[in-house]
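K.L.:
First the structure, which I've put down as structure tokens, then a few questions once you've had a look.
The values are calculated or read from the model by the stated rules, or taken from the named source; none is laboratory data. On a predicted model such as this, the values are computed, not experimentally measured, just so you know. Here the Cβ positions follow ideal geometry from the backbone for every residue, glycine too, while neighbour counts run over all protein chains shown.
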């Protein structure tokens with residue numbers, strides 16, 4: 001008789017953004033005349049830049065000719081894209097990362113969920129609180145998190161590292177020693193950024209304790225301040241303790257195209273076993289390779305024209321972030337983020353839970369955001385807005401909120 005994976009039954013409710021979608025759809029169905037402005041899910045709204053479109057068209061034309069047709073992609077990625085990533089994202093910044101340490105995938109979300117598969121179920125994880133839900137949920141599915149406390153909204157075997165206004169929304173080193181440490185900077189959901197010196201402390205801690213850092217750098221293109229690290233490999237010793245995840249979704253607008261990559265240095269070992277080989281084995285067994293068409297589009301991002309065009313698009317979203325940040329400050333809200341990230345983290349009005357504030361904004365302003373409690377217990381009383389809407393909708397949304 002077949003049996004289900006009981007760990008899935010431990011998951012409380014549905015995925016955060018699915019819950020938001022259901023609530024918004026129900027409101028829209030009941031109020032079809034209302035114009036809803038969505039600043040909740042971090043999905044881009046601007047079209048792909050011209051050089052990427054041109055690369056996609058060119059690759060499609062290649063697929064129409066038997067002489068240039070491509071079938072299954074190399075499971076670890078085409079050399080032309082891996083070489084471009086190594087050169088532009090790492091070597092140009094002084095990071096010693098080679099092309100064969102880069103694994104091409106369909107996005108950082110999948111990689112952040114799948115990477116835990118190469119680690120023992122006995123490993124104890126540490127996460128920022130609040131945190132991107134995928135890190136915790138996929139470890140629940142694997143049976144690594146213990147039991148859930150619905151009152152505290154925490155898991156018994158997870159080490160939570162509070163990110164609060166008191167520590168600038170950057171976690172302190174934990175009192176209990178974890179085996180796997182999830183860090184995301186620029187941070188989702190708080191929009192906070194860590195300094196290089198503080199990140200170096202984490203690298204030193206991981207090397208000292210034998211922990212592995214899973215570093216999500218999906219939003220590094222939004223870093224504005226010169227003293228902030230774009231990669232954990234800018235820190236000395238990171239090659240022996242860190243895995244880095246990257247996405248093309250937010251820097252190049254590939255949310256509907258799907259492309260990302262993971263870096264696993266060859267020096268990184270656990271118990272004498274190289275994680276590079278384990279991830280290559282997992283990747284080759286479970287993944288058939290990112291399509292050639294998509295990888296050619298990714299390569300175009302690193303061209304001179306591509307870099308100039310996506311820089312303009314990132315500036316568009318940064319301008320939205322600044323407008324939200326300054327507009328909410330002027331309206332009297334306590335806000336942070338929005339400087340090195342496309343997310344703005346605001347305090348909900350006194351006396352309101354984050355889900356009550358969600359309902360309030362939806363009903364009174366017809367604006368959708370994301371309740372902070374959905375990211376963890378330390379997110380209660382906070383709320384996330386995204387800068388990925390159109391400029392016109394962003395301006396209108398903030399004006400609506402300011403009038404409440």
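K.L.:
Within the range 84-125, count every residue that is under 20 Å from the mean Cα position of the chain (by Cα) and not in a helix (DSSP H, G or I).
P.N.:
7
K.L.:
Now for a separate question. Going through the range 316-341 one residue at a time, which ones are in contact with a strand residue (DSSP E or B) (Cβ under 7 Å, 6 or more places away or on another chain), farther than 16 Å from residue 403 by Cβ and not in a helix (DSSP H, G or I)?
P.N.:
334, 335, 336, 337, 338
K.L.:
Same structure again: Output the number of the condition that residue 41 fails; it satisfies all remaining conditions of (1) in a helix (DSSP H, G or I); (2) touching a strand residue (DSSP E or B) at 6+ places or on another chain (Cβ under 9 Å); (3) under 25 Å from residue 313 (Cα atoms).
P.N.:
Of (1) in a helix (DSSP H, G or I); (2) touching a strand residue (DSSP E or B) at 6+ places or on another chain (Cβ under 9 Å); (3) under 25 Å from residue 313 (Cα atoms), only one is false for residue 41: (1).
K.L.:
Here are some residues: 382, 360, 391. Which one is over 25 Å from the mean Cα position of the chain (by Cα) and at pLDDT 95 or above?
P.N.:
That would be 360, the only listed residue that is over 25 Å from the mean Cα position of the chain (by Cα) and at pLDDT 95 or above.
K.L.:
Evaluate the following for residue 293: is it in the same structural domain as residue 107 (by TED's automatic domain parsing) and modelled with pLDDT of 95 or more?
P.N.:
Criteria met by residue 293.
K.L.:
Being surrounded by fewer than 19 Cβ atoms within 10 Å (Cβ to Cβ) and either in contact (Cβ under 8 Å) with a residue 24 or more places away in the chain or more than 30 Å from residue 53 (Cα to Cα) (or both): is that true of residue 395 here?
P.N.:
Here the answer is yes, as residue 395 does meet what is asked.
K.L.:
So residue 250 ticks every box in (1) within 21 Å of the chain's Cα centre (by Cα); (2) modelled with pLDDT of 95 or more but one. Which box is left unticked?
P.N.:
With respect to (1) within 21 Å of the chain's Cα centre (by Cα); (2) modelled with pLDDT of 95 or more, residue 250 is out only on (2).
K.L.:
(1) modelled with pLDDT under 95; (2) surrounded by fewer than 16 Cβ atoms within 10 Å (Cβ to Cβ); (3) in a loop (DSSP other than H, G, I, E, B): which one isn't true of residue 2, the others all being true?
P.N.:
(1)
K.L.:
Kindly indicate which of 41, 115, 85 is outside the structural domain of residue 294 (by TED's automatic domain parsing), in contact (Cβ under 8 Å) with a residue 40 or more places away in the chain and surrounded by 15 or more Cβ atoms within 10 Å (Cβ to Cβ).
P.N.:
Of the residues listed, the single one that is outside the structural domain of residue 294 (by TED's automatic domain parsing), in contact (Cβ under 8 Å) with a residue 40 or more places away in the chain and surrounded by 15 or more Cβ atoms within 10 Å (Cβ to Cβ) is 41.
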